[in-house]
Amino acid sequence: MSNTATLEVNGEKYEFPIVTGTENEVAIDIKKLRGVTGGVTTIDPGYKNTGSCTSSITFLDGEKGILRYGGYSIEELAEKADFLEVAFLLIFGELPTKEELDKFYSDIKKNSIVDEDVKKILDAFPKAAHPMGVLSSLTSALTAFNPDAVDVNSEEDMYNSVVRILGKFPVLVAWAMRKKSGLPLDYGDKNLGYVENILKMMFKVPNEEYTQNKVLVEALDKLLILHADHEQNCSTSTVRIVGSSHAGLFASISAGISALWGPLHGGANQAVLEMLEAIKEDGGDTKKYMAKAKDKSDPFRLMGFGHRVYKNFDPRAKIIKVAADEVLGDLGVEDPVLEIAKGLEKEALEDQYFVDRKLYPNVDFYSGIIYRAMGIPTEMFTVMFALGRLPGWIAQWREMRLNKEPIGRPRQLYTGPTERAFKPIEDR
Ligand code: CMC
């Protein structure tokens, strides 16, 4: 194959290098396009064809349904690794040795105390506030409590900022949930594993001994691994672009949380559960909702279906579907909503509209059912997604800074009025 691509604009030919990734993905490098053509740009709303960076963190093949972190398949990691090992792998590029992992966790624990004054900020939020808004605000507020600028050229500074956010973020997650439930804001237990401790921080009540449920710990660990990174998705691209202005890690991640909140992205897990509940309340007629999803005059979409990149199946959804069955079975929960979900999935997979558009269940379709069985309130589902995505955001922010990427600043094609004279207000 030729290693250049030729573009002809207004009769003039230009050559651009073709670059190939380690998985043989091919991209045309148009860095010099504007310079050589005298200002010609490209238009690609939603960046459906645009690679914003090179990255060595996560590989995804949407046609084949492949997802790998640092070369390891998501299936194997979900089965054999724990969340903290996966976080280390994403951020530093290799699975940790036992010593490295112990040190990593010990450093995270040392950095898990959140300034007591953050509680005052949390206190000012109404109880009805959505926890994603609360989480985004508190994460941003952490900048004020940890104002030291990170020298990205210092390995030590970078490492410290990583363990700091991995330590404090779960506390904010737990506090956001406890605030909503009216429970005192507290810490967990340093003797527990990362994920065990998160559950304890979320669920411990003041006058009772907290007992761990192994099934829940394993299920949450798996869910967090499955959500840990997904290359250049909306929230991750947000984190990278905010960080590209040299904004700090907390500020960049706070922006990522806001991006994740939307129902087309992480907010879909809450939207799925609400949709399934609505179908149940409406008598369980899945066909009616299938018809609504296909009706172009109806804004309704089948939440938890479709993906920008996966056009075959979402490998995470496959694992989560099995996990949902296991968790509900282990806990002895019979959830009619799970049956509705399965019915809907079966119908959609056989329906021409969904087949033609390659719409398959995505990661959010079954995760809410597991979260619900764990006793996590619906509004917290997207917060749990954020907790899982945190290592990915950190890894991508770090990579972007270490690669010295330029500030993110897309171009546009202006379609507004051409130059005109100002009209005084009385003449308009
Ligand atoms: N229900 C009904 N029709 C759909 C759906 C759906 N869930 N998703 C896509 N379509 C149709 C869409 O109307 C369009 O049809 P047509 O070609 O006739 O105009 C076609 O499929 C292509 O859709 P698109 O919106 O152009 O595709 P996209 O890549 O821009 O959007 C998506 C991807 C995930 C935003 C979209 O599929 C969607 O809105 N899904 C529902 C929300 C959801 O589950 N989001 C979670 C995504 S996975 C986790 C994450 O990323 O956070």
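The values are calculated or read from the model by the stated rules, or taken from the named source; none is laboratory data. What you see is a predicted model; the values in this text were computed from it and never measured. As a convention, Cβ positions derive from the backbone with ideal geometry for all residues, glycine included, and neighbour counts pool all protein chains shown. These area figures cover heavy atoms from the full protein model, side chains too; ligands, DNA and RNA do not enter into them. Shrake-Rupley method; radii C 1.70, N 1.55, O 1.52, S 1.80 Å.
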**Message:** Return the pair list, or none, for Cβ contacts closer than 6 Å from residues in segment 243-266 that are open to solvent by less than 20 Å² (accessible area, probe 1.4 Å) to residues that are part of a loop (DSSP other than H, G, I, E, B), at least 6 apart or on different chains.
**Reply:** Ser244/Glu405; Ser244/Ile407; Ser244/Gly408; Leu260/Gly266
**Request:** Assess whether Thr382 counts as being hydroxyl-bearing (Ser, Thr, Tyr), over 30 Å from Gln270 (Cβ atoms) and at pLDDT 95 or above.
**Result:** no
**Fill in**
Restricting segment 366-406 to residues that are within 30 Å of Val150 (Cβ to Cβ) and among the charged types (D, E, K, R), the one farthest from the chain's Cα centre (by Cα) turns out to be Lys404
**Fill in**
Per the filter on segment 370-425, residues basic (Lys, Arg) and within 30 Å of Arg164 (Cβ to Cβ) are Arg389, Arg398, Arg401, Lys404, Arg409
**Request:** Within segment 50-87, track down each residue that is modelled with pLDDT of 95 or more, surrounded by fewer than 16 Cβ atoms within 10 Å (Cβ to Cβ) and basic (Lys, Arg).
**Result:** Lys80
**Asked** His265: under 20 Å from Lys168 (Cβ atoms) and within 11 Å of the ligand (Cβ to nearest atom), yes or no?
**Response** no
**Message:** Anything in segment 305-319 that is out of contact with any strand residue (DSSP E or B) (no Cβ under 9 Å at 6 or more places or on another chain) and among the β-branched types (Val, Ile, Thr)? List them, or say none.
**Reply:** Ile319
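This table checks each residue for (1) of a type outside the set (S, T, N, Q); (2) open to solvent by 80 Å² or more (accessible area, probe 1.4 Å).
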{"residue": "Ser2", "(1), (2)": "no, no"}
{"residue": "Ala5", "(1), (2)": "yes, no"}
{"residue": "Gly11", "(1), (2)": "yes, no"}
{"residue": "Thr20", "(1), (2)": "no, yes"}
{"residue": "Val26", "(1), (2)": "yes, yes"}
{"residue": "Thr41", "(1), (2)": "no, no"}
{"residue": "Pro45", "(1), (2)": "yes, yes"}
**Request:** Identify all residues within segment 220-249 that are within 18 Å of the chain's Cα centre (by Cα) and either more than 16 Å from the ligand (Cβ to nearest atom) or modelled with pLDDT under 95 (or both); write none if there are none.
**Result:** Leu220, Asp221, Lys222, Ile241, Val242, Gly243, Leu249
**Message:** I'm checking my understanding of the structure. Among residues of segment 272-284 that are open to solvent by less than 70 Å² (accessible area, probe 1.4 Å) and in contact with a helix residue (DSSP H, G or I) (Cβ under 8 Å, 6 or more places away or on another chain), which one is farthest from the ligand (Cβ to nearest atom)?
**Reply:** Gly284
**Item:** Number of positions in segment 304-325 that are open to solvent by less than 40 Å² (accessible area, probe 1.4 Å), within 18 Å of Leu223 (Cβ to Cβ) and of a type in the set (A, V, I, L, M, F, W, C)
**Value:** 5
**Test: residue in segment 124-133 that is surrounded by 13 or more Cβ atoms within 10 Å (Cβ to Cβ) and touching a Gly at 6+ places or on another chain (Cβ under 9 Å)** = yes
**helices (runs of 4 or more DSSP H) lying entirely in segment 286-355 (those with 2 or more residues that are within 12 Å of the ligand (Cβ to nearest atom), more than 26 Å from the chain's Cα centre (by Cα) and of a type outside the set (Lys, Arg))** = 286-294
**Prompt:** When the residues of segment 356-373 are filtered to those that are assigned to a helix (DSSP H, G or I) and charged (D, E, K, R), which remaining residue is nearest to the ligand (Cβ to nearest atom)?
**Reply:** Asp364
**Fill in**
Residues in segment 175-227 that are under 23 Å from Ala124 (Cβ atoms) and not charged (D, E, K, R) total 12
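Conditions (1) open to solvent by 70 Å² or more (accessible area, probe 1.4 Å); (2) over 25 Å from Phe88 (Cβ atoms); (3) not polar (S, T, N, Q), marked per residue:
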{"position": "Gly375", "(1), (2), (3)": "no, yes, yes"}
{"position": "Glu379", "(1), (2), (3)": "no, yes, yes"}
{"position": "Thr382", "(1), (2), (3)": "no, no, no"}
{"position": "Ala395", "(1), (2), (3)": "no, no, yes"}
{"position": "Met400", "(1), (2), (3)": "no, no, yes"}
{"position": "Asn403", "(1), (2), (3)": "yes, no, no"}
{"position": "Pro410", "(1), (2), (3)": "no, yes, yes"}
{"position": "Tyr414", "(1), (2), (3)": "yes, yes, yes"}
{"position": "Thr418", "(1), (2), (3)": "yes, yes, no"}
